[in-house]
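The values are calculated or read from the model by the stated rules, or taken from the named source; none is laboratory data. A quick note: this is a predicted structure, and the numbers were derived from the prediction, not measured. Don't worry about glycine lacking a Cβ; one is built from the backbone with ideal geometry, like all the others, and counts go over all protein chains shown. Calculation scope for accessible area: heavy atoms of the full protein, side chains included, ligands and nucleic acids excluded. Shrake-Rupley method; radii C 1.70, N 1.55, O 1.52, S 1.80 Å.
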Amino acid sequence: INRGPTALTYVPTTTAAVYLPALHVHGGGTSNTENLLLQSEDFSTTWGNTALTIVANDALAPDGTTTAERLTEVASSANHNLIQSAVLVSGNVYTVSAYVKAGERKIFGFYEGSSTAMQAVFDTSAGTVVTTGGGGSPAASIEDAGNDWYRCSVAFTCGLTGNNNLLLWLGEDDDTSI
């Protein structure tokens, strides 16, 4: 997750959030590159897990390294998600994004469960945004990253200063909400 209305260049994290200085970009503007979530390439560590099996380094990631995780449902009747809290500031716009490839499931989503109930649902087989909802004025997008990978992202306005729970969610093929 990063501050601002668009997904920035991915920055891996380990045990601490990463805040990099502003960079000047063409046109005189500035851009921050950061990642406020921990262990962003290793979901078996600081992420809470509900009814998922995680296989680390299972496939080629969009950057060509073998660092992609496989998420598989443990039970068919449960919610299937990963959760982590990030310290956010009320009124600020944040963008959460992930590179996703369809596997046993094609529906993927983000949910912010602490202040706005923001949600965004994506079809990673068709490469489409299925729906957005909740508070925080969510604006979702999906970009083709090559080799059947998509970068799913959603920008939203935070409603709570402090820890905000962010979920990455796998859905049934006909799910349209989290």
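Which percent of the accessible area of the stretch 95-178 is formed by carbon and sulfur heavy atoms (probe 1.4 angstrom)?
Values: 1370 of 3440 Å².
Answer for the stretch 95-178: carbon and sulfur cover 40 percent of the accessible area.
Please work out how much length the chain gains when fully extended from Asn57 to Val74, using 0.36 nm per residue of separation minus the C-alpha to C-alpha distance, in nm with one decimal.
Details: separation 17, 0.36 × 17 = 6.12 nm, distance 1.88 nm.
Between Asn57 and Val74, full extension yields an extra 4.2 nm.
Please report, in debye to the nearest 20, how large the charge dipole of the stretch 39-125 is about its Cα centre when each Lys and Arg carries +1 at its beta carbon and each Asp and Glu carries -1 there.
160
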Answer rounded, prolate or oblate for the stretch 61-101, using the Cα gyration tensor with square roots of eigenvalues a ≥ b ≥ c: rounded when a/c is under 1.5, else prolate when a/b is larger than b/c, else oblate. oblate
When only C-alpha pairs under 8 Å and at least 6 residues apart count, what is the relative contact order of the stretch 60-173, in percent? 37
Using all Cα-Cα distances in the stretch 37-178, what percent lands in each 10 angstrom bin from 0 up to the longest? 13, 43, 37, 7
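Just the accessible area per residue of the stretch 58-146, please: how many Å² with a 1.4 Å probe? List each step's numbers first, then the result.
Details: 3990 Å² over 89 residues.
Value for the stretch 58-146: 45 Å² per residue.
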